[in-house]
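**Student:** Have a look at this one before I ask anything.
The values are calculated or read from the model by the stated rules, or taken from the named source; none is laboratory data. Remember, it's a predicted structure, so these values are computed and weren't measured experimentally. Please note: Cβ atoms are built from the backbone with ideal geometry, for glycine as well, and neighbour counts cover all protein chains shown. Accessible surface is based on the protein model in full, side chains and every heavy atom, while ligands, DNA and RNA are left aside. Shrake-Rupley method; radii C 1.70, N 1.55, O 1.52, S 1.80 Å.
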Amino acid sequence: MALFMVMAGNSNISEIIMYKIISAKFLAANIKRFEIDARKIAEKRKPGQFVIIRINEEGERVPLTIADSDLSAGTITLIVQGIGKTTQQLNTLEAGDFINDIVGPLGKASHIENYGTAVSIGGGVGTAIAYPTAVALKNAGNHTISIIGGRTKEFVILEDEMKNVCDEVFITTDDGSYGKHGFVTDQLKELIEKRKIDFVLAIGPIPMMKAVAAVTKEKNIPTVVSLNPVMVDGTGMCGGCRATVDGKTVFVCVDGPEFDAHKVDFETLTRRNRTYLMQEKGSLENFHQCESEKAINKQLQETI
């Protein structure tokens with residue numbers, strides 16, 4: 001359960017709630033699955049929604065999609081790819097460690113209905129985001145198909161989980177080390193040529209989602225993507241997560257994160273996501289330097 005600490009001083013009383021990591025396991029290089037004690041979030045979360053976490057009081061706020069939840073255990077599942085400073089720092093935590101705060105569930109839940117044949121496409125860690133919606137689509141009576149893509153075999157995640165909830169699962173890898181040699185769009189085109197596809201969900205890197213949208217737009221297949229822009233407060237007030245959809249400005253944290261793929265301005269989204277690239281690079285370099293210094297100091301202490 002979460003750690004509660006009450007501090008009293010004069011007439012002021014403050015409460016700190018921290019979230020305990022129940023389990024932590026790497027699924028692939030730099031991709032780690034966390035089970036975290038967060039009962040209230042687990043009880044309320046719906047497919048497509050996310051949380052914003054902060055590792056410590058000085059840490060930045062990072063949005064992460066809720067991959068799954070266990071109501072009996074009161075836990076939520078987060079799958080984290082260590083790309084920037086905070087996600088790499090998060091991936092150093094283990095079972096028994098605590099996360100300073102988690103806010104959620106945030107965003108609008110996925111729109112679910114019986115479309116007919118529904119394809120869920122996950123690129124890399126995007127599979128973790130597509131998984132809960134694939135479950136909901138299956139429960140709604142759809143014939144569910146999953147296409148899981150990765151750069152190499154080690155980046156293909158949640159294959160067994162997808163096979164448990166989908167009628168068909170196809171694997172693609174960029175280098176051909178596993179499954180079909182090629183991109184998720186190659187497999188999608190093949191499916192579209194052979195049968196009627198009624199709905200597509202695509203989640204992953206921006207270039208992948210953009211490519212999927214181009215394929216399905218030609219065939220007029222309803223397609224949804226989940227966006228993950230720079231995000232700070234999760235309430236729409238800061239404006240950091242704004243994107244352009246159907247020529248209008250939206251705030252992904254409250255209006256999304258899922259949108260009609262054929263209306264998303266992917267070019268603007270790409271430019272905005274690169275706004276703080278240099279700052280992110282500098283922060284990551286500082287983190288690696290600090291970690292190296294900690295390791296050296298630890299070795300010195302052990303030799304004394």
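**Student:** What's the total number of residues in the stretch 207-222 that are in a loop (DSSP other than H, G, I, E, B) and open to solvent by less than 20 Å² (accessible area, probe 1.4 Å)?
**Tutor:** 1
**Student:** Checking the conditions here, which among I52, I129, I79, I102 is among the β-branched types (V, I, T), closer than 29 Å to T173 by Cβ and open to solvent by less than 30 Å² (accessible area, probe 1.4 Å)?
**Tutor:** Result: I79 is the single residue among I52, I129, I79, I102 that is among the β-branched types (V, I, T), closer than 29 Å to T173 by Cβ and open to solvent by less than 30 Å² (accessible area, probe 1.4 Å).
**Student:** Of the numbered conditions (1) on the phi < 0 side of the Ramachandran plot; (2) in contact with a Phe, Trp or Tyr (Cβ under 9 Å, 6 or more places away or on another chain), I203 satisfies every one except a single condition; which is it?
**Tutor:** Exception for I203: condition (2).
**Student:** Being open to solvent by 40 Å² or more (accessible area, probe 1.4 Å) and of a type in the set (A, V, I, L, M) narrows it down to one residue among V225, V232, V245, V252; which is it?
**Tutor:** The unique qualifying residue is V232.
The rows are residues; the columns are (1) assigned to a strand (DSSP E or B); (2) within 18 Å of the chain's Cα centre (by Cα); (3) not β-branched (V, I, T).
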{"position": "S69", "(1), (2), (3)": "yes, yes, yes"}
{"position": "E94", "(1), (2), (3)": "no, no, yes"}
{"position": "A109", "(1), (2), (3)": "no, yes, yes"}
{"position": "Y115", "(1), (2), (3)": "no, no, yes"}
{"position": "A128", "(1), (2), (3)": "no, yes, yes"}
{"position": "A134", "(1), (2), (3)": "no, yes, yes"}
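**Student:** Conditions first: (1) over 19 Å from I22 (Cα atoms); (2) touching a residue at least 60 places away in the same chain (Cβ under 8 Å); (3) not in a strand (DSSP E or B). I83 passes all but one, so which condition is the exception?
**Tutor:** (2)
**Student:** While we're here: Identify all residues within the stretch 175-206 that are part of a loop (DSSP other than H, G, I, E, B), surrounded by 14 or more Cβ atoms within 10 Å (Cβ to Cβ) and not aromatic (F, W, Y); write none if there are none.
**Tutor:** Answer for the stretch 175-206, where residues must be part of a loop (DSSP other than H, G, I, E, B), surrounded by 14 or more Cβ atoms within 10 Å (Cβ to Cβ) and not aromatic (F, W, Y): S177, G179, G182, I197, D198, G204, P205.
**Student:** Could I ask something else about it? Restricted to the stretch 132-152, and to residues that are more than 16 Å from I203 (Cβ to Cβ) and polar (S, T, N, Q), which residue is least open to solvent (accessible area, probe 1.4 Å)?
**Tutor:** Step by step, filter the stretch 132-152, then rank; the result is N142.
**Student:** Also, I was wondering about something else. Taking the condition of being under 12 Å from G104 (Cα atoms) and either open to solvent by less than 50 Å² (accessible area, probe 1.4 Å) or free of Cβ contacts under 8 Å to residues at least 40 places away in the same chain (or both), how many residues in the stretch 27-47 meet it?
**Tutor:** Result for the stretch 27-47: 7.
**Student:** Give me the residue from the stretch 64-76 that is out of contact with any Lys or Arg (no Cβ under 9 Å at 6 or more places or on another chain) and over 15 Å from F50 (Cβ atoms) and, out of that set, most open to solvent (accessible area, probe 1.4 Å).
**Tutor:** S72
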